[in-house]
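What follows is calculated from the coordinates using simple rules that are stated; it is not laboratory data. This one's a predicted model, so the numbers in the text were calculated from it and none came from an experiment. Positions of Cβ are backbone-derived with ideal geometry, glycine not excepted, and every protein chain shown enters the neighbour counts.
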There are 6 protein chains.
Amino acid sequence: MPRISRYPVPELADLPEDMRQRILEVQQKAGFVPNVFLALAHRPAEWRAFVAYHDALLLKDSGSLSKGEREMIIVATSAANQCLYCVVAHGAILRIYEKKPLVADQVAVNYRKADITPRQQAMLDFAMKISQRSHEVDEADFATLRGHGFDDEDIWDIGAISAFFGLSNRMANLTGMRPNDEFYLMGRLPREKKA
Amino acid sequence: MPRISRYPVPELADLPEDMRQRILEVQQKAGFVPNVFLALAHRPAEWRAFVAYHDALLLKDSGSLSKGEREMIIVATSAANQCLYCVVAHGAILRIYEKKPLVADQVAVNYRKADITPRQQAMLDFAMKISQRSHEVDEADFATLRGHGFDDEDIWDIGAISAFFGLSNRMANLTGMRPNDEFYLMGRLPREKKA
Amino acid sequence: MPRISRYPVPELADLPEDMRQRILEVQQKAGFVPNVFLALAHRPAEWRAFVAYHDALLLKDSGSLSKGEREMIIVATSAANQCLYCVVAHGAILRIYEKKPLVADQVAVNYRKADITPRQQAMLDFAMKISQRSHEVDEADFATLRGHGFDDEDIWDIGAISAFFGLSNRMANLTGMRPNDEFYLMGRLPREKKA
Amino acid sequence: MPRISRYPVPELADLPEDMRQRILEVQQKAGFVPNVFLALAHRPAEWRAFVAYHDALLLKDSGSLSKGEREMIIVATSAANQCLYCVVAHGAILRIYEKKPLVADQVAVNYRKADITPRQQAMLDFAMKISQRSHEVDEADFATLRGHGFDDEDIWDIGAISAFFGLSNRMANLTGMRPNDEFYLMGRLPREKKA
Amino acid sequence: MPRISRYPVPELADLPEDMRQRILEVQQKAGFVPNVFLALAHRPAEWRAFVAYHDALLLKDSGSLSKGEREMIIVATSAANQCLYCVVAHGAILRIYEKKPLVADQVAVNYRKADITPRQQAMLDFAMKISQRSHEVDEADFATLRGHGFDDEDIWDIGAISAFFGLSNRMANLTGMRPNDEFYLMGRLPREKKA
Amino acid sequence: MPRISRYPVPELADLPEDMRQRILEVQQKAGFVPNVFLALAHRPAEWRAFVAYHDALLLKDSGSLSKGEREMIIVATSAANQCLYCVVAHGAILRIYEKKPLVADQVAVNYRKADITPRQQAMLDFAMKISQRSHEVDEADFATLRGHGFDDEDIWDIGAISAFFGLSNRMANLTGMRPNDEFYLMGRLPREKKA
């Protein structure tokens, strides 16, 4: 079986209880343990911060960004950073949330060609700017996004998701993190009812 | 007084107790509250994850990277990302840790010209690769760093600090975060004994 | 049904006989007509040259490049050019030729992380150099490839496939060519016996 | 005499009749055999497709692009790809078609400074976008060109010429194709009446 | 004491009288001899031309650019060229002229975030365009600057200062020129009355 | 007649005597007044410094760089900066000095393909590094050049010529400087005996 990280990967059984519990929850939901949870568990303190940050951005209920839209941001920016783990894993989640089997590949290759709304295009333009040249962000960007119906808290969400997954992309590239084989097919089959 | 963020900035008194305590500790040590703690406090859940990640990377005692070397990584990569807050704030901390009033400006402008060791140059070469083109990281990078005496845990530290401050840089650019005026002069005066 | 091109798309029945025959052959083999054959048919003379060039590079039997390897070159360089049509369509063909359901996504996102041989990595390094900075090609590139067992005819093949699909990528981006929905799933299911 | 290609170059007498006829025609017109016809003849099937594509784009009579304008596109994009063969050979043809001895060097160095019309500037802006970042092409580009009097078939011509010579540039850089010495001076002398 | 240049550095006493006089003047004003005057003195003829060009741009009284604004141009463009000498030395002069201890670091890290006027932002946008992609300068740039109250002579000044310090940056990087330690602190202390 | 500069161009008769004398000398030698002398004469103090710098680098007799080699540096780096004036004017001078009618176009389009020696290739590699990323210059560059027989004074010459013409390129792009029509043909005709 191919290694999932350049670094030692702990056994689930050897992890502190809080980490183990969180991972078991994910496993129950996804049917397997996504490798990021095991690969980053090599460093428990960093793992806890990473998961807390992830949850703060992706699990919260407020704001106008749908869960699928948050995944679009992850897939588009991770493709720009050439992060195999994040494109494959979050591509799967995007397909499932959006119930659109094609959208993840479209967003990964060229989001300008994806079957998404103009509002979502504008969201991804900004996410890419944060990802690739955040030093040029200015008031005009905020005005453009407000013109598409995003408020300032939404804009923070877009920027923060792009920024956080920029960290995630770099950790995956550092560790040579390997996506689970399961992700590649998830959400691609039309009848796949409960995923 | 100039705004320190595009977003609302909470009053210290209005923050949850755990956040307030942590901020008061920093204030006691630094003599003032670094703006990042207030600007990001607009989002408490994200703030807690951010501070936990920061502490896991910068406060830990293990590994061969000195505290000054960790700050070098922050300053070099933040300059590449043109993040005003991080270059100014961590430049100050770098000067103080290294007790070298010139090193922060050198590392910020062109780390290849800085008064640092070849080992530190190699460390910054890798930090910059993680920051700017992490998708090209490969085994040869690990071999080079090992040749300079870094072990794999040190390499994780270098990469993770670069990755985490890439997130920090993007949040600072998103929020228009302003560095405290105090940072600009810190560590520049020779006799400045206790800072 | 979404448009497959910014330009008028001819009906199969309206095409000259030679074009219609060639397209029916592909349809029989694939089960559907790949959109590139219809979108480019707007210009019959260019279509004939395009298909002849394509066939000369991909259908020939000589040389040491396997059919799967030729598709790897197409997928890697088309991803660099952000060509949705070519990544999706040739990703499908790559999966089928290699009988490896994961390899196309790996090569598309970051070929340095793909489950391929060092010889294939070197092949893709050169294909990417032809694609992105062919003006820097020099004798050292030929020496590297010969060291991996490629002869000069193989090197022409690698370069010519990269160059030809650079043309294809630009035509797809010009016309806004849309990949057939069928491609996205092809070659992903383990039992998919005859595809 | 310097080699004209890294690869074996066939003798005219050894080529299949159709290729030989076509080459003799060019020789009669130009006074010599342009090296591209011999260098690419190493692969007859690819040669035939290449020449057919070339002719479909450059010899057709329809559309509003003059023959000189088509050569401008070739020279500008080939300079961006640093293709010595195409800049020198098509620079010569451009001078002759336009009867302007300076225009080729102007377009090759910086087309924004060339003695051409605003319509031709817009044409070259789009040709360069197809050449360098075709993934960003969108409806606004079409609107701009229509504003300069180009119809959609003209826009296809501009894009296809840019795309095809991107292939040609890469083949020339792959093979180290050398331009004939004759091209350098062609069309530079005012009285050169019939070229 | 660290070397100030890769090349031999003449003694003040060994220099021709005109050079010695000019350097003594600077020393009297600054309190020390800026290393650029000694490092470039290795080539007297080039030194004289360099100093004459410098003086023509920075010592002249005409035009609407203040002395501080000229230094802003130098600091912003030198940071883009990663020239340690020029950022540190002219950062000091900028602080002193503007009597603003923070402005130099702001302009060096990201001039878009600096405490400067919109007119100064536009000035730096153009200086950066001359520095990084002067081939794209066009009439629209002149119109923008005129809209901020600059006349064409001011625009020449902005462009020429950017161009001249591009030369200076490259000479400093070629020679490994080291800034005097004194520059780092100059103009940072509020009461520093006469500097 | 097309304008040679965006800025006012003085009449030869109106210039100060020293400038007029220098220009008449050039006119006598070249047969016409190169436009750079008139366009930059709009600012006499800058003109004098520019010409003095130019002469210090190009008219000196010491060092191992031939006059033709100095022109190669100018043509290669000016092409990278897309400076029409310098490529055309110095291309002409290069042809004449080297008595090789093809070399200037080769160096301008892709110096890696030019009919020059490996030593000259290494010289141009370094000139391009100074021109495009001088912040990365290090001791290894000096070692490479010494391996080709250049001493440190030669290396200064290479770097300084690249740096100075970087200034010249930017001034030409700022002023929209137009090359004299005469340059385009100079040195192209084999018998052109006395040039």
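Annotations for the structure displayed:
- Axis of helix F:44-58 versus longest Cα principal axis of chain F: the two differ by about 40°, to the nearest ten degrees.
- Nearest-0.05 FRET efficiency for C:GLN132 and B:LYS67, computed from C-beta distance (R0 60 Å): 0.90
- Across peptide F:175-187, the average count of Cβ atoms from other chains found within 10 Å of a residue's Cβ is 3.
- Region C:74-195: C-alpha gyration tensor shape, a/c 1.5 cut-off, then a/b vs b/c: oblate
- Least to most buried among F:SER64, B:SER162 (fewest other Cβ within 10 Å first): F:SER64, B:SER162
- Listed residues E:ASP138, E:ASP157, E:ASP115, most fluctuating in chain E (Gaussian network, C-alpha, under 10 Å): E:ASP138
- ³J(HN,Hα) computed for each position of region C:167-178 - Karplus, 6.51 cos²θ - 1.76 cosθ + 1.60, integer Hz, glycine/proline x: 5, 4, 4, 5, 5, 5, 5, 5, 8, x, 5, 9
- Proxy reagent accessibility, fewest Cβ within 10 Å first, across D:TRP156, A:TRP47: D:TRP156, A:TRP47
- Trypsin sites (Lys or Arg not before Pro) lying in DSSP loop within region E:54-135, provided at most 13 other Cβ fall within 10 Å: E:LYS99
- With respect to chain C, whose longest principal axis is taken over its alpha-carbon atoms, helix C:67-80 is tilted by about 90°.
- Distances from F:GLU25 to itself in the other copies, using label points 7 Å out along the Cα-Cβ axis, amount to 2.5, 5.9, 7.3, 7.3, 8.3 nm in increasing order.
- Cα lying deepest toward the dipole's positive end in region B:18-90, options B:ASN81, B:PHE37, B:GLY63, charges on Cβ: B:PHE37
- Note on region D:135-195: Cα convex hull, mean projected area over all directions, 7.1 nm².
- Whole-Å distance, taken between Cα centres, linking region D:49-114 and region E:116-195: 38
- Exercise: per-residue mean of other protein chain Cβ atoms within 10 Å, F:134-141: 5
- Cβ-defined net charge surrounding A:LEU145, 10 Å radius [Lys, Arg +1; Asp, Glu -1]: -3
- What the phi angles of region C:22-37 give under the Karplus curve with 6.51, -1.76 and 1.60, with θ = phi - 60°, is a coupling list of 4, 5, 5, 4, 4, 4, 4, 6, 8, x, 7, 8, x, 4, 4, 5 Hz, glycine and proline written as x.
- Assigned charges on the beta-carbon of Lys, Arg, Asp, Glu; the protein assembly as shown dipole about Cα centre (debye): 0
- If you take all other residues with their beta carbon under 11 Å from the beta carbon of E:VAL107, and give Lys and Arg +1 and Asp and Glu -1, the sum is -1.
- Annotation: the residues C:VAL88, C:VAL75, E:VAL51, A:VAL109, sorted from fewest to most other C-beta atoms within 10 Å of their own C-beta, follow the order E:VAL51, C:VAL88, A:VAL109, C:VAL75.
- Global geometry of the protein assembly as shown, whether rounded, prolate or oblate, following the gyration tensor of its Cα atoms and the 1.5 cut on a/c: oblate
- Label-to-label distance for D:ARG146 and E:ARG22 is 6.0 nm, based on points extended 7 Å past Cα in the beta-carbon direction.
- Check: region E:6-121 dipole with +1 on Lys, Arg Cβ and -1 on Asp, Glu Cβ, in debye: 400
- Legend: residue pairs A:LYS67/A:LYS113; D:LYS29/D:LYS60; A:LYS129/E:LYS99; E:LYS29/E:LYS99, Cα-Cα distance threshold 23 Å; pairs beyond threshold, A:LYS129/E:LYS99.
- 0 to 90° range, to nearest 10: angle between helix A:84-98 axis and chain A longest Cα axis: 70
- Within-11-Å neighbourhood charge of F:CYS83 [Cβ basis; K, R +1; D, E -1]: +2
- For the peptides B:17-23, B:175-181, A:25-31, the ranking by mean Cβ contacts within 10 Å, running from highest to lowest, is B:175-181, B:17-23, A:25-31.
- Debye, to nearest 20: dipole size of region F:53-118, +1 on Lys, Arg Cβ, -1 on Asp, Glu Cβ: 120
- Neighbouring partner chain Cβ atoms per residue of F:51-62, average, 10 Å criterion: 3
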